[in-house]
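Heads up: the structure comes next, in structure tokens.
The values are calculated or read from the model by the stated rules, or taken from the named source; none is laboratory data. Treat the numbers as computed from the prediction; the structure is a model and nothing was measured. FYI the Cβ positions are ideal-geometry reconstructions off the backbone, even for glycines, and counts take in every protein chain you see.
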Amino acid sequence: MLKRVIIGLAVLGVIAYGGWQFLSQPEYWLYSLDAKTGNVVWSTMLPNSKRSTSIPVTAEGRVFVGQVTSIEDNNEAISLSAFDAASGKLLWEFMPDRKQFPRQDSITWYAQRPYALGDLVFMTLRGADDDKGVLLLAIDAQTGTLRWTLDHHFEADQGARPEVALVNGKLIALQWQNVDGAFTYFARVIEPQTGKVLTDLLTWKSGEWGTFDSFHDPFLQSNADMAFILTDKAIYAFDPETGERRFSIEVPSARYAVSGDMVFVQRVYDIMAYDAHTGQQRWKYHAKQLDQMHGYFSWIVADHDTVRIICNCAEQNAHDGTAVYVLDAQTGQLRFTQATSDSYAFTYFLRAPATDDVVLTSIGRYSGADELTGIAALDAKDGSLRWQFVTAPTRLKPPATDGEHVFVTTFDTRLRSWLTPMNTDWRFSVGVEVP
């Protein structure tokens, strides 16, 4: 009962009761957890976050997190921070200059995420005018300095990352142009140091190869020697050196994930695996139970061991909910399923990353007396619970992992209170123990 009273006070902002005054302040935190035990390795407050944070991204011993804040004229401003993955030390902060990038808004980090490739980390912003469309920003991953920008970048959807890929040392980016209502798309090779367009690998109009379905990103993916583009008609594989189209997988309105020599494709109730060099189908999994549950698969991620799919499907007699399906990547056999949330709304952009041992998924129960949100680590073989990390009730975002650690952003509340005229200051954390 006390917990619910305090939460209620915190949500109200400023309130007086019995001579005491309460003021709540939102706080966003980044946690590093031990991937084997779930124990907290380190945590740090994200000082710039006043509205939201991005999904965390990790690469080359660093963790990248976007933050949304406000400025005096009531406009939003965003930043990108890099932390040392081992210690949590802040390495740098990049804050786009308001004069150069006046159009900043929370949608950049509300559901989107940065993307690290090689020695660059990418993010997107809207240009100062609509003529330039969406800008692709390339930031030095070691120093946080802006290297270059590229206009007319293909606009990232909610839940998306920038549409870039790195193949055999070649940086490829998607661009587009709208001329008199006719859309033309480009896959272009970019010089990583300067952002100069070197050559056009592919050019096509929307009526030729198709267009792009919302919430089916990322559209551009790659493995060690091949690049792939997803449209609403098919998945096209092409040579990153010449732009020659190697094969296509004719699966309309699909999502996909590339890992090594396999391309994994999700469409409604089906998961298929294809050879990444020939396009030949290797196996197919059909979730026939979803026909009866009125459910459907959404986001898909994969590696050499498992394929993980988020399913918008409720448990028996429930109104709505989500679950994670885990398949063996080599055979397509179902290893396990696990219900993760009793609400679609809070899990729309979730993915399920994994280490060699565990599958990581956000969990959420938002009804009844046992409300719970957080991260669960499930055994990658049988789905048994290894550990869970409980957070404050909030809209969930997927964690990131480097194999040894799991990185999670959470929302917290500092409840400041004072008894007039004597000031006291204490802190209340909703759901997690705060150092």
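For this structure, a couple of remarks:
- Some residue of segment 269-283 being surrounded by 16 or more Cβ atoms within 10 Å (Cβ to Cβ), under 21 Å from R335 (Cβ atoms), among the small types (G, A, S) and modelled with pLDDT of 95 or more: yes
- Of the residues D217, D213, the single one that is surrounded by 21 or more Cβ atoms within 10 Å (Cβ to Cβ) and under 25 Å from P114 (Cα atoms) is D217.
- Residue that is farthest from A160 (Cα to Cα), among those in segment 245-285 that are part of a strand (DSSP E or B) and among the acidic types (D, E): D275
- Count - residues of segment 151-209 that are surrounded by 12 or more Cβ atoms within 10 Å (Cβ to Cβ) and of a type in the set (G, A, S): 8
- Pair list, Cβ under 9 Å, 6 or more apart: segment 207-221 residue closer than 10 Å to S253 by Cα, other residue outside any loop (DSSP other than H, G, I, E, B) and of a type in the set (G, A, S): F212/S206
- Of all the listed residues (T211, T242, T199), the sole one being part of a strand (DSSP E or B) and farther than 27 Å from T331 by Cβ is T199.
- Within segment 284-302, considering residues that are at pLDDT 90 or above and out of contact with any Asp or Glu (no Cβ under 9 Å at 6 or more places or on another chain), the one farthest from D356 (Cα to Cα): I300
- Residue count for segment 27-55 satisfying the condition of being under 18 Å from A377 (Cβ atoms), part of a loop (DSSP other than H, G, I, E, B) and more than 18 Å from the chain's Cα centre (by Cα): 5.
- Test for A254: is it modelled with pLDDT of 95 or more and out of contact with any Pro (no Cβ under 6 Å at 6 or more places or on another chain): no
- T58 vs. criteria part of a strand (DSSP E or B) and at pLDDT 90 or above: yes
- Residue within segment 174-186 that is among the hydrophobic types (A, V, I, L, M, F, W, C), under 25 Å from I139 (Cβ atoms), free of Cβ contacts under 8 Å to residues at least 24 places away in the same chain and in a strand (DSSP E or B) present: yes
- For S253, the conditions (1) within 24 Å of A354 (Cα to Cα); (2) surrounded by fewer than 16 Cβ atoms within 10 Å (Cβ to Cβ); (3) polar (S, T, N, Q) are fulfilled apart from (1).
- With respect to (1) assigned to a loop (DSSP other than H, G, I, E, B); (2) crowded, with 19+ Cβ neighbours inside 10 Å; (3) at pLDDT 85 or above, the lone exception for K397 is condition (3).
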